[in-house]
Amino acid sequence: MVRLDRITMQGFKSFAGKVMIPFPDGFNCVAGPNGSGKSNIIDAITFVLGTTSARSIRAEKLQNLLFNGARDRKPADFCEVSLYLDNSDDRIPGEKEMKVSRKITRSGISVYKINGRNATRAKVLDILSYANLFTEGYNIIMQGDVTKIIEMSAQERRSILDEISGISEFDEKKQKASIELEKVESRVKENMIVVAEKQRLVERLKQEKEVAEKYVTLSGELKKSKASLVRKKLSDAEEKYSVMDAGIKSGEESFGALESEFESAEKELEKKEKNVFRKSDELIKKSRNYGVQRKIDELQTEIIRKNDRIDLIDRELERLRELSAGRQNPAVKEVLKLGHPGVRGTLFSLLSVPKRYGIAVQVAVGRHADDIVVDDDNVASECVRFLKEKRIGRARFLPLNKIRGGKRKDARGDYIGWASDLVKFDKDYLPAVDYVLGSTVIADSLDKARRLGRVRAATLDGDLIEASGAIIGGFYRKKSGDQYSGHAAKAEEEKGGLEAEVSGLESKLEGLRGQEMEETKEVTKLQEEKSAEEKEIDGMRKKRKELYEQRLVQQGRVSKLRIEKARLEAVLDNLRIEFGEYRDVQEFYDKSVDELQEKVRSCVIEINRLGPINMKSIEEYGTIGVEFGEMKRKLERLLEEKDAIMRIVHEVEKKRYDKFMEVMVKIRENFARIYGDLTGGAGILRLEEENNIDTGLVIEASPMGKRVVNLDAMSGGEKTLTSLAFLFAIMQYSSAPFYVLDEIDAALDKANTKKIAELIKKYSAQVQFIVISHNDITIQEADKVFGVSIEGGVSKVFGIDMTKAG
């Protein structure tokens, strides 16, 4: 079986020189403190397996994989990693030992090699696939993979089995067949429509052949009935025209009498209305003094304005009280209360400061602590306008689109670090943090800070050296708030004066309102006289309205008669023209209009029942019949094609189901066995809906002595163990030549770590394991331990054979 014999690295991440790590069969463990570079070994393996994502191996871009230099070492010009695979069983076509290499230059050029010869990435992936090694294979469990399994939805977990079973191939086939089926169904529908239309045409031609003679008889009867009907209608219309003409003359005489009476009433009403208008003008001249009302309005406006000023003074007094109590700058407080989306907060509130550097950072920030960080200068301008309009106070704003920090000076000597590097903050706030802290270093003491040169430095106990050389120091404590009693006294004095002025204005307002009441009595009498005449006018208007309506009614009647007469004249003309079309009819029916209409309707119904008449229907019937037969045969062929495609769809769906269930059953068996080995309990994998492979994958388990619970309902340790069992089940199914695990025991307690380590130990008898860990229990179970340490920024590796050590 293929296995990983050794790995060599040169210039890769923290490995500066060429390093070779041999990996024997069994349980290999790579241990070392955090930051020593042990996880870089897994990154190196993933790198050679062909990953194209730099982020998947913890780098911004591939060039960042190169050793970046250290205290005594220069940066590497390239990095190269080689995997040596033991191919004794010839599983991979080629030599007994396969060397797969990948190299990245400083310019970002990536080169693959197989046994020292250049190869394409596709060729490397193809060679590795013979040994079940893939770029995104499940034989490598990275940090966070266990958490991902825990946080996945049931649908996302099932998609893992989709990927492993490769049913996407069947999905593509099913999609292709479905598209073809849709096309065939469309053609079937089109042909069915055409065939149905042809069939109706054949049937219609057959009917036309049978009823052609009947059509001739019915047409003769219809013509005679229509001629008799027109003749009867013409006679009745001429009689009605004479009666209507007499009615119009009588109506015109009645309308003339009503018109004269209406004009007389109109003149009398107009005279009365003019008299009322004269009294209205007199009332206006004797109405109330508008100058008094204007003075009342002016006083009310002045009172409102002074009361507003009193309210403003009250708010200012409240602000001064808050300031004297040592509270936050009210301007800052009010801006934050706005809830503006572009206001991020005060600078100090956006920083996460380690406790050790708390005093030093406070001193370095100084007067900038309450500076308000905003998205851009537009937001800052809006906030400034708000403070001016509300007259609240002033604040300093740091717009992220404009603010820039100063250039860092060269600090020589012993210092902890730059202040902006020692605090944590969202990267969006970098310009503001750089502006305040970017050019300040943090030092242990004042003596060390003095030796740094002309650079701004803050010490851990609160001393500050400015870049100019000025030193601020002594015992550090926060200052109490300033006193604002002088400002408050002036505000109280102004408020008292305003309240006295309001009282005087209200007295004047009361006097003017009394004067306004006296002037209204004089116009009451004129108003009563005017109201009496207006009632009389209302009666006259009512009478005029009645006459107007009678006149309109009579006028409408006459107009209606004239319209009907004009319409009847048009009808007579049309009837005479229509009757002229039947000059060849010699005999007429002597019946009423209703009887003749019923006769015409009956004939039309009979003819309509016959349908369109085609005297050549016999010849056309033979021709259409041949075409109809050919169309039916074509439709039958399309239906057969549709059935064949539907069988393909069902067959593909069955294969898709069978392939998925084959993988599901094997992984389920692996999971049950592995979970039992881990906990002594029972592990269960099932679909949310039985036999529906498009539903989610449910992970359940019953640790020894407990009931069956879903993964989401388990404790933290149980979740981790169950998820690891699931990942191991997938790994066993993939049957890779080696498995790599990166700190999977990090979140486990000692008991569970022991279980995982023993499980790996058990399975390592059949397959090679490479485990990254710094857990003593895991290390003790390993057959071979490789220690990783870092000295001077360079990782070093040493090995311990635990089988001999034991």
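Some notes on this structure:
- The overall shape of the stretch 660-806, judged from the alpha-carbon gyration tensor, is prolate: a/c is not under 1.5, and a/b is greater than b/c.
- Shape call, the chain: gyration tensor on alpha carbons, a/c limit 1.5: oblate
- Centroid-to-centroid separation of the stretch 728-806 and the stretch 2-18 [C-alpha atoms, Å]: 18
- Of interest is the spacing of the C-alpha centroids, which for the stretch 81-111 and the stretch 678-722 amounts to 40 Å.
- Theoretical ellipticity at 222 nm over the chain - DSSP helices of four or more residues, -39500 (n - 2.57) apiece, nearest 500: -19500 deg cm²/dmol
- Each Cα pair under 8 Å and six or more residues apart adds its separation to the average, and for the chain the resulting relative contact order is 24 percent.
- Less than 5 angstrom separates the built amide H of G696 from those of E688, E689, all sequence-distant by 5 or more or on a different chain.
- Shape category assigned to the stretch 123-197 from the gyration tensor of Cα positions, a/c cut at 1.5: oblate
- Estimated at the nearest 10 Å², the accessible area of E382 is 80 Å² with a 1.4 Å probe.
- Highest to lowest packing among 268-278, 27-37, scored as the average C-beta count within 10 Å: 27-37, 268-278
- With a Cα cut-off of under 23 Å and a minimum spacing of 8 residues unless on different chains, the lysine pairs in the stretch 17-109 number 12.
- Length added when fully stretched, E598-E506, from 0.36 nm per residue minus Cα-Cα: 23.8 nm
- Candidate cross-link partners of K232 among the lysines, defined by an alpha-carbon separation under 30 Å and a same-chain spacing of 8 or more, comprise K214, K223, K224, K240, K249, K560, K565, K591, K599.
- FRET efficiency estimate (nearest 0.05) - Cβ-Cβ, K388 to V111, R0 51 angstrom: 0.20
- Accessible surface of the chain [probe 1.4 Å, protein heavy atoms]: carbon and sulfur percent: 50
- The 3J(HN,Hα) values that the Karplus relation (6.51, -1.76, 1.60; θ = phi - 60°) gives for the stretch 31-48 are, in residue order, 10, x, x, 4, x, 7, x, 5, 5, 5, 5, 5, 4, 5, 5, 4, 4, 5 Hz. Gly and Pro appear as x.
- In the stretch 733-803, lysine pairs with alpha-carbon atoms under 18 angstrom apart (chain gap of 8 or more, or interchain): 6
- Per-residue Karplus couplings for the stretch 776-790, computed as 6.51 cos²θ - 1.76 cosθ + 1.60 with θ equal to phi - 60°, are listed in order as 4, 5, 5, 4, 5, 7, 6, 7, 9, 10, 10, x, 10, 10, 10 Hz, Gly and Pro entered as x.
- Rounded Å value of the spacing that divides the Cα centres of the stretch 352-389 and the stretch 116-168: 48
- Protection proxy ranking, highest mean first, for peptides 424-434, 785-795: 785-795, 424-434, where packing is the per-residue count of other beta-carbon atoms within 10 Å, averaged.
- Rounded tilt (10° steps) of 750-763 against the dominant C-alpha axis of the chain: 80
- Cross-link partners for K407 among the lysines, with Cα-Cα distance under 23 Å and sequence neighbours closer than 8 places in the same chain left out: K424, K427, K448.
- Distance in nm between pseudo-label sites at K591 and R55 (7 Å out along the Cβ direction from Cα): 9.0
- Listed by chain and number, the lysines whose C-alpha is less than 21 Å from the C-alpha of K642, apart from same-chain residues fewer than 8 away, are K173, K174, K176, K183, K189, K632, K634, K654, K655.
- Vicinal HN-Hα couplings computed from phi for the stretch 14-24 (Karplus, 6.51 cos²θ - 1.76 cosθ + 1.60; Hz; Gly/Pro x): 8, 8, 6, x, 7, 10, 10, 10, x, 10, x
The values are calculated or read from the model by the stated rules, or taken from the named source; none is laboratory data. Note that this is a predicted model, so its numbers are computed, not measured. Glycine also receives a Cβ, built like all others from the backbone with ideal geometry; neighbour counts cover every protein chain displayed. Heavy atoms of the whole protein, side chains included, go into the accessibility calculation; ligands, DNA and RNA do not. Shrake-Rupley method; radii C 1.70, N 1.55, O 1.52, S 1.80 Å.
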